[in-house]
1. Does residue 23 qualify as being modelled with pLDDT of 95 or more and surrounded by fewer than 14 Cβ atoms within 10 Å (Cβ to Cβ)?
2. Determine whether segment 65-79 contains at least one residue that is over 18 Å from residue 110 (Cβ atoms) and touching a strand residue (DSSP E or B) at 6+ places or on another chain (Cβ under 9 Å).
3. Tally time: how many residues in segment 39-50 are small (Gly, Ala, Ser), open to solvent by 10 Å² or more (accessible area, probe 1.4 Å) and either under 14 Å from the mean Cα position of the chain (by Cα) or closer than 15 Å to residue 97 by Cα (or both)?
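The values are calculated or read from the model by the stated rules, or taken from the named source; none is laboratory data. Nothing here was measured: the structure is a model prediction, and the numbers come from that model. Cβ sites come from the backbone with ideal geometry, for glycine too, and all protein chains shown count toward neighbours. We work out accessible area using only protein heavy atoms, side chains counted, and drop any ligands, DNA or RNA first. Shrake-Rupley method; radii C 1.70, N 1.55, O 1.52, S 1.80 Å.
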Amino acid sequence: MVPFAAAFVCPSMPVPDRAATILIVEDEPTVCELAAEALLEEGYRVLTAADAWEAEAILARESVDLLFTDIDLARNTNGLSLARCARELSPDLPVVYTSGGRACLPPCEAVPGSVFVPKPYRPSQLVALTQDVLRAALLHAV
C-alpha cells in the first residue's frame, strides 16, 4: 500500500521554503478552494486545475514543487496518469494523491515515493502534510 500521510514535525529537519509552488488538481470547486486557501494562508504559491489536461498545461509552463491531485477527475481524466506524466517532466516531483472513493492506493498504481491521503481531510492536515512532503524532498535532494 502507498503510505498514508502521517504529519509530524521534527525540529532538526530542514524547513521547506514557504514560497514553494503547489499544484492542486481537484474537480470539486469547494474542495479545491478550501485546499488552496489553507496553503495560501501558509505562504505557498498555489496553482489549481480542475482536470488532468489543465494540470498538464500548467506543468509544461510552470515550475511546480509538489503535485496534490485527486485521483478521479473531470473530463474522464485521472490523477494517476497525471502523476506519471508529471514525473516524466520532473522525475523528483513530490506527489500526493487524494480520493473520496478509495480507502487506500496500491503501490502498482502510484508513482514511486508518493503519498495518499483519503478524503475528507482537514485543511490543517493538508498544510502539515505539505510541509512534511516538501521537507522529505529537501532531505532527499541533499
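1. On the way: modelled with pLDDT of 95 or more: yes; surrounded by fewer than 14 Cβ atoms within 10 Å (Cβ to Cβ): no.
Against the criterion (modelled with pLDDT of 95 or more and surrounded by fewer than 14 Cβ atoms within 10 Å (Cβ to Cβ)), residue 23 does not qualify.
2. Keep residues of segment 65-79 that are over 18 Å from residue 110 (Cβ atoms), which gives 65, 74-76.
Next, only the ones that are touching a strand residue (DSSP E or B) at 6+ places or on another chain (Cβ under 9 Å) stay: 65.
Looking for residues that are over 18 Å from residue 110 (Cβ atoms) and touching a strand residue (DSSP E or B) at 6+ places or on another chain (Cβ under 9 Å), one finds at least one in segment 65-79, hence yes.
3. Step one: of segment 39-50, the residues small (Gly, Ala, Ser) are 43, 49-50.
Filter again for open to solvent by 10 Å² or more (accessible area, probe 1.4 Å), leaving 43, 50.
Imposing the further condition that a residue be either under 14 Å from the mean Cα position of the chain (by Cα) or closer than 15 Å to residue 97 by Cα (or both) reduces the set to 50.
Of the residues in segment 39-50, 1 are small (Gly, Ala, Ser), open to solvent by 10 Å² or more (accessible area, probe 1.4 Å) and either under 14 Å from the mean Cα position of the chain (by Cα) or closer than 15 Å to residue 97 by Cα (or both).
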